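Asks: Quick one: structure below, then a few questions.
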Amino acid sequence: MAGMTALARPGPAAMSERSRAEVDATLQTAKLNPAELLPAVHCLSFGPQASAGECCLLQLEPGLCAELEAGRSLVIRGEKDEQAVLCSKDKTYDMKIADTSNMLLFVPGCKTPEQLNADLASCNIIHSQIAGFSNNYWELRRCRPKLKKLRKLLMEDPYEGPNSQEDQTSTFSKYTTEDLLSLIQASEEEILHQLQIINACKIEGYWRILEFNYEMKLLDHVTQLIDSESWSLNKVPLHTCLEELGSLEPREMIEHILLSYGRKYIDDAGEVYFEMHEDKICRAIAQMLLQNAVKFNLSEFQEVWQQSVPEGMTTRLDQLKGLALVDKSSRPETIFLLKVEDLPEDNQERFNSLFSIREKWTEVDITPYIQDLCAEKQTVGALLTKYARSSMLNGVKVYNSRRPIS
């Protein structure tokens, strides 16, 4: 059962309130049966300050409504040259304007048919003023956080150690958590999670990334100590590491490298230990070897790589997903550095870049370089269908670009 709404145009007529008789006459003219309508009638008129553009409408999913009702905030992030995004505590949303053919009216204190139906005694004429109106609203769509800029900002001034002259004289900006929240188009939880992934640490209140050679120096200190003490890689004691290596490097840097390449746990006696991640250590040492050559003979690289890792660790090519690419078409086979974080963040630009490096890709080879592009519930297969064309090559499915690559 619907209610009745009468709309008055701005001007002197809008100032006079309609009577019940006028409303009934309007219903009769419109050939509407009053018995099929709620008895309450809304008579609307434009307020003196009513205009478009004063207010914006935002369509929210139930989860975001619940966050606002719970007193939490939603934040719009983006600089002048960026498309704005809206962020909750843990998610990021694209914002797009959606037009509507119906004019949307802002009526303070307006009662819905459900509210009127609950109060059957309300058979009066309700006079309300329109405070504003709009023909569009902001529509939100969940999107990937835009995190590439985070690493770029921190890499402007990587930390080279406490005695670095460059660090003491650097003119580059340093960033606090609040700075990053104002510059990065992502939610707070997504930013903090990414800082953990890229092994960033806080030094004197600022987030820093260790310069790679300094990071490898710290890791080498730890792995040499593990070897000299004949510790199990699954049980590396924090206290002893700090005591033995504290004279070489700051204790917080030793603990940071253990956190970056191991899992912290506490034993039954309350002692803190680390279980070292073999794959992460092997991967870091491979990067150190590969960054000094354009291409590396694959078999020679594998031999040098295995000799370079700590005793007891085993190197495997699958440890290098998203870091290095093997060229099986060359003779001899080669391997070269190709880091996923160095590729464009935009989907089409990412595929263009990959297809300029290699014309045809197998799904196994390309997956590590596009997996991070997948939106919520999207698969790698769906991405390949949209941005690539498949064909068979020697009985193997391969993918090439849908468009010419210059």
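Asks: Hey, can you grab everything whose amide H is under 5 Å from the amide H of residue 185? Only 5+ residues off in sequence or another chain; H modelled, so Pro and N-termini drop out.
Replies: It is 146, by chain and number.
Asks: If you average the alpha carbon positions of region 222-258 and of region 282-314, how far apart do those two centres end up, in angstrom?
Replies: Their Cα centres are 23 Å away from one another.
Asks: Could you tell me whether the chain comes out rounded, prolate or oblate from its Cα gyration tensor? Rule is a ≥ b ≥ c as square roots of the eigenvalues, rounded for a/c under 1.5, then prolate if a/b exceeds b/c, otherwise oblate.
Replies: prolate
Asks: Check which residues have an amide H placed less than 5 Å from residue 38's amide H, if you skip close sequence neighbours.
Replies: Those lying under 5 Å, H to H, from residue 38 are 2, 3, 4.
Asks: Which one, 98, 30, 66, has the greatest fluctuation when you compute a Gaussian network model over the chain with C-alpha springs under 10 angstrom?
Replies: The residue that fluctuates most here is 30.
Asks: May I ask you to evaluate 6.51 cos²θ - 1.76 cosθ + 1.60, the Karplus curve with θ = phi - 60°, for each residue of region 91-97 and list the ³J(HN,Hα) values in order in whole Hz, giving x for glycine and proline?
Replies: 9, 10, 10, 5, 10, 9, 7
Asks: Take the chain, connect every pair of alpha-carbon atoms lying under 10 Å apart with a spring to form a Gaussian network, then pick out the residue of 84, 388, 131 with the largest mean-square fluctuation.
Replies: Looking only at 84, 388, 131, the biggest GNM fluctuation is shown by 131.
Asks: With r defined as the distance between the Cβ atoms of residue 379 and residue 347 and R0 fixed at 22 Å, what FRET efficiency is calculated, to the nearest 0.05?
Replies: 0.95
Asks: How would you order 350-359, 251-260, 302-311 from highest to lowest mean count of nearby Cβ atoms within 10 Å?
Replies: Peptide ranking by packing, descending: 251-260, 350-359, 302-311.
Asks: Quick one: with all protein chains in place, what share of the accessible area of the chain is carbon or sulfur, to the nearest percent (1.4 Å probe)?
Replies: Whole-percent figure for carbon plus sulfur exposure: 49.
Asks: Roughly what would the spin-label model give for residue 356 and residue 127, points 7 Å off Cα along C-beta, in nm?
Replies: 6.8 nm
Asks: So, one more: How far apart, in nm, are the 7 Å Cα→Cβ label points at residue 392 and residue 89?
Replies: 5.4 nm
Asks: Write down the accessible area per residue of the chain in Å², having rolled a 1.4 Å probe over the full set of protein chains.
Replies: Working: 23800 Å² over 406 residues.
Value returned for the chain: 59 Å² of accessible area per residue.
Asks: Between the DSSP loop rule and a limit of at most 10 other Cβ atoms within 10 Å, which trypsin sites (Lys or Arg not before Pro) in region 372-404 are left? All intermediate terms of the calculation are to be shown ahead of the outcome.
Replies: Working: sites: 377, 386, 389, 397, 402; in loops: 377, 402.
Qualifying residues, ordered by number: 377.
Asks: Among 316, 144, 77, which one shows the biggest mean-square fluctuation in a GNM of the chain, springs joining Cα atoms closer than 10 Å?
Replies: Of 316, 144, 77, the Gaussian network model singles out 316 as fluctuating most.
Asks: May I pose another question? Can you tell me the order of 132-141, 207-216 when each peptide is scored by its average per-residue count of other Cβ atoms within 10 angstrom, highest first?
Replies: 207-216, 132-141
Asks: Also, I was wondering about something else. Taking the Cβ-Cβ separation of residue 19 and residue 204 as r and a Förster radius of 51 Å, what is the calculated FRET efficiency to the nearest 0.05?
Replies: 0.10
Asks: When the chain is fully extended, how far beyond the present Cα-Cα distance does residue 142 get from residue 75, taking 0.36 nm per residue of separation?
Replies: Values: separation 67, 0.36 × 67 = 24.12 nm, distance 1.42 nm.
Value of the extension gain: 22.7 nm.
Asks: Here is a follow-up. Under 18 Å from a label point 7 Å along Cα→Cβ of residue 65: give me every residue in region 128-160 with its amide N that close.
Replies: The answer is 137-142, whose backbone nitrogens lie closer than 18 Å to the label point.
Asks: If you don't mind, there's one more thing I want to ask. Quick check: pseudo-label points 7 Å beyond the Cα along Cα→Cβ at residue 243 and residue 287, how many nm apart are they?
Replies: 3.2 nm
Asks: Let me make sure I get this right: for region 312-401, a, b and c are the square roots of the gyration tensor eigenvalues over alpha carbons, sorted descending. Under 1.5 in a/c it's rounded, otherwise prolate if a/b > b/c, else oblate. Which is it?
Replies: Oblate, because a/c is 1.5 or more while a/b does not exceed b/c.
Asks: Order these peptides, 228-238, 279-289, by their mean beta-carbon neighbour count within 10 angstrom, highest first.
Replies: In decreasing order of mean packing, 228-238, 279-289 become 279-289, 228-238.
The values are calculated or read from the model by the stated rules, or taken from the named source; none is laboratory data. Everything numeric here is computed off the predicted structure, so don't read it as measured data. With ideal geometry, Cβ positions are generated from the backbone for all residues, glycine too; neighbour counts draw on all protein chains shown. Keep in mind that these areas ignore ligands, DNA and RNA; they rest on the heavy atoms of the full protein, side chains included. Shrake-Rupley method; radii C 1.70, N 1.55, O 1.52, S 1.80 Å.
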